[in-house]
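What follows is a single structure, written as structure tokens, with notes after it.
The values are calculated or read from the model by the stated rules, or taken from the named source; none is laboratory data. All values reported here derive from a predicted model rather than from experimental measurement. Every residue, glycine as well, gets a Cβ built from its backbone with ideal geometry; the counts of neighbours run over all protein chains shown. Side chains included, ligands, DNA and RNA excluded: accessible areas come from the protein's heavy atoms. Shrake-Rupley method; radii C 1.70, N 1.55, O 1.52, S 1.80 Å.
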Amino acid sequence: GAMYYGLNDLSNNMILLDRKQSRCPNGLVFGTPGSGKSMSCKREITYVMLTTKDNVIICDPEDEYSPLVNRLGGQVIRLSPNSRDYVNPLDINLNYSEEENPLTLKSDFVLSFCELIMGSKTGLEAIEKTVIDRAVQMIYQPYFADPRPENMPVLGDLLDALMAQGIPEAERVAQALDLYVNGSLNFFNHRTTVDIRNRLVCFDIKGLGKNLKKPGMLIVQDAVWNTVTINRAIGRSTWYFVDEFHLLLKEEQTAAYSAEIWKRFRKWGGIPTGATQNPKDLLSSPEIENILENSDFIYLLNLSAGDRKLMTERLNISAEQLAYVTNADPGSGLLFFQNVILPFRDEFPKDTELYKLLTTKPSEVAHDGESR
Ligand SMILES: Nc1ncnc2c1ncn2[C@@H]1O[C@H](COP(=O)(O)OP(=O)(O)OP(=O)(O)O)[C@@H](O)[C@H]1O
Ligand SMILES: [Mg+2]
């Protein structure tokens with residue numbers, strides 16, 4: 001159904017719209033720091049949770065969604081070397097829809113993961129791809145034969161299956177992987193300990209250090225695909241919110257993965273939304289530019305002069321409309337939905353429990369009593 005996106009600044013009517021009805025429900029939220037990007041995402045998440053049966057996944061690089069997620073009964077997954085929340089990157093789901101082979105999807109993911117951790121500029125060599133794929137085929141056999149949780153492979157099994165091949169290419173991949181299995185980055189070599197099938201899942205990736213950030217984000221995106229695949233089979237939508245989207249666009253693999261999500265998600269019943277203070281980052285490559293072109297929902301909050309110029313060129317904004325994203329109050333701006341452009345404002349009442357769960361002003365933030 002339709003959801004609330006602010007008041008029309010011209011007519012004072014409520015702006016109610018249903019992103020699912022658009023050609024392309026993908027969304028972007030732009031605005032300077034403090035303009036209300038995260039707040040508008042949290043408002044939408046709240047509506048989705050309270051008025052639909054859809055799933056919501058959040059990628060939260062600033063650790064600011066947990067009060068809201070906990071209050072809504074969701075699962076916060078704190079990915080960090082000091083956390084006890086483990087997600088096994090090799091988790092596989094057998095209840096995919098008919099036409100998808102879970103192993104093919106998993107093999108793709110493991111290839112990206114290995115490419116990332118091997119850090120080569122030119123990508124994996126053909127033989128390296130072959131040895132990885134061969135290892136992937138092998139390590140899932142026990143689980144396929146008997147799908148009990150304790151038969152789910154972990155990265156250590158992948159390492160063993162590579163070593164067992166006894167050729168230099170496999171050895172080379174195994175050496176790179178060793179850091180993530182036996183070395184100091186072995187955080188991902190565990191079976192999953194969190195409720196990743198919760199209707200509302202928030203990945204808090206703030207605690208991932210420099211070395212774990214890239215693989216961590218790749219794992220989050222893989223988890224998103226898993227959920228979308230499962231949900232498609234049962235006809236349920238999946239919303240995916242990425243705050244601080246520029247962090248993902250900065251890295252080649254996570255940028256490519258994001259572009260893929262913006263391209264293919266719709267057909268799978270997925271509704272992605274990226275929020276960022278750097279619209280420029282969406283023009284850094286043709287692949288990433290597709291993200292902007294494939295978004296029917298664009299929420300512009302207050303913009304800097306440079307970004308106003310940029311958006312004027314990209315989105316055909318008139319001088320009159322530009323005024324709505326110039327020195328705009330938090331929560332106000334211009335909404336693009338398919339071929340409609342509407343100025344909006346929103347003043348969320350501050351004397352509410354919900355406001356305390358949505359705000360990022362340190363003095364106003366609700367504390368959920370969890371140690372962090
Ligand atoms: N619709 C709104 N109604 C009332 N207050 C709002 C609204 N939107 C934002 N604010 C106020 O502005 C503050 C900052 O909003 P928010 O955290 O969403 O900014 P942001 O754009 O995500 O910033 P950053 O880029 O730093 O993450 C909120 O804590 C709140 O006090
Ligand atoms: Mg924010």
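Count of the stretch 235-263 residues, restricted to those that are over 14 Å from residue 289 (Cα atoms) and at pLDDT 90 or above, is 10.
Out of the stretch 24-47, which residues are surrounded by 22 or more Cβ atoms within 10 Å (Cβ to Cβ) and either in contact with an Asp or Glu (Cβ under 6 Å, 6 or more places away or on another chain) or more than 23 Å from residue 336 (Cα to Cα) (or both)? Within the stretch 24-47, 38 is the sole residue that qualifies. So, in the stretch 133-143, of the ones that are touching a residue at least 12 places away in the same chain (Cβ under 8 Å) and part of a helix (DSSP H, G or I), which residue ends up farthest from residue 179 (Cα to Cα)? Among those residues, the one meeting the criterion is 143.
Using the structure shown, decide if residue 83 is closer than 30 Å to residue 314 by Cβ and either of a type in the set (Gly, Ala, Ser) or without any contact (Cβ under 8 Å) to a residue 24 or more places away in the chain (or both).
no
For the stretch 263-285, taking the residues that are away from ligand 1 (no atom under 16 Å from the Cβ) and in contact with a strand residue (DSSP E or B) (Cβ under 6 Å, 6 or more places away or on another chain), the one that is nearest to residue 39 (Cα to Cα) is identified as 272. Of the residues making up the stretch 318-338, those that are more than 26 Å from the chain's Cα centre (by Cα) and surrounded by fewer than 21 Cβ atoms within 10 Å (Cβ to Cβ) are 318, 319, 320, 321, 322, 323, 326, 327, 329. Test residue 251 against the stated conditions and say whether it is within 16 Å of ligand 2 (Cβ to nearest atom) and of a type in the set (D, E, K, R). For residue 251, the condition - within 16 Å of ligand 2 (Cβ to nearest atom) and of a type in the set (D, E, K, R) - is not met. Out of 295, 258, one residue alone is part of a loop (DSSP other than H, G, I, E, B), in the same structural domain as residue 64 (by TED's automatic domain parsing), over 15 Å from residue 32 (Cα atoms) and under 20 Å from the mean Cα position of the chain (by Cα). It is 295.
Can you say whether residue 241 is assigned to a strand (DSSP E or B), in the same structural domain as residue 206 (by TED's automatic domain parsing) and open to solvent by less than 50 Å² (accessible area, probe 1.4 Å), as far as the supplied structure shows? Answer is yes for this residue. Within the set of pairs 6 or more residues apart or between chains, which connect a residue that is within 19 Å of residue 61 (Cα to Cα) and open to solvent by 50 Å² or more (accessible area, probe 1.4 Å) inside the stretch 268-296 to a residue that is at pLDDT 95 or above and β-branched (Val, Ile, Thr) with Cβ atoms less than 9 Å apart? Cβ pairs passing all conditions: 277/32.
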